[in-house]
Amino acid sequence: MQIVCPACGKTMLLRPGGTGTCDRCGCDLSSLRDIQAAAAGLLMLAKEALVAGEHHAALEYADRSWSMVRGGQSASVACLAASALGAGEALALWRARVARDGSSATPSRRG
């Protein structure tokens with residue numbers, strides 16, 4: 001998975017079982033790797049819930065994934081779930097997020 005070092009800005013690919021540190025500055029990136037892995041797991045649950053017709057659960061999982069890593073896939077799944085629920089306001093919100101963030105996957109900057 002790709003991670004951008006918050007200390008020096010270098011984009012790198014972290015491999016499972018790797019050192020988890022930035023190649024350039026040595027910053028510990030293990031927490032970012034763990035966050036991205038958790039977000040990916042939630043996205044998988046969202047997709048599975050969507051396929052199973054559990055649209056409320058799919059929307060919740062997608063939202064939780066998005067709160068960790070702002071990825072276009074989470075927003076797209078949320079769009080589908082909101083549409084299936086007939087939740088117009090939620091659909092508009094998620095469509096705006098898809099348009100704004102596209103398919104990027106950057107950690108959220110919540111305070």
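Amide H to amide H, with H built 1.01 Å from N, Thr21 comes under 5 Å of Leu29, counting only residues 5 or more places away or on other chains.
Legend note: in the chain, cysteines whose Cβ sits 4.7 Å or more from every other cysteine Cβ are Cys79. Rounded to the nearest 20, the Cβ-based charge dipole of the chain about its Cα centre (Lys and Arg +1, Asp and Glu -1) stands at 400 debye. Along the axis of the charge dipole computed for the chain (Cβ charges of +1 for Lys and Arg, -1 for Asp and Glu, origin at the Cα centre), the listed residues Ala52, Ala75, Thr11 are led at the positive end by Thr11. Subtracting the Cα-Cα distance of Ala92 and Glu48 from their residue separation scaled by 0.36 nm leaves 13.6 nm.
Each listed q (0.13, 0.15, 0.21, 0.22 Å⁻¹) maps to a log10 I(q)/I(0) for the chain, found by the Debye formula over equal Cα scatterers with no solvent: -0.51, -0.65, -1.02, -1.08.
Every number in this text was worked out from the coordinates using simple rules, so none of it is lab data. The structure displayed is predicted, hence computed values, not measured ones. Reconstructed Cβ throughout: ideal geometry from the backbone, glycine too, with neighbour counts over all protein chains shown.
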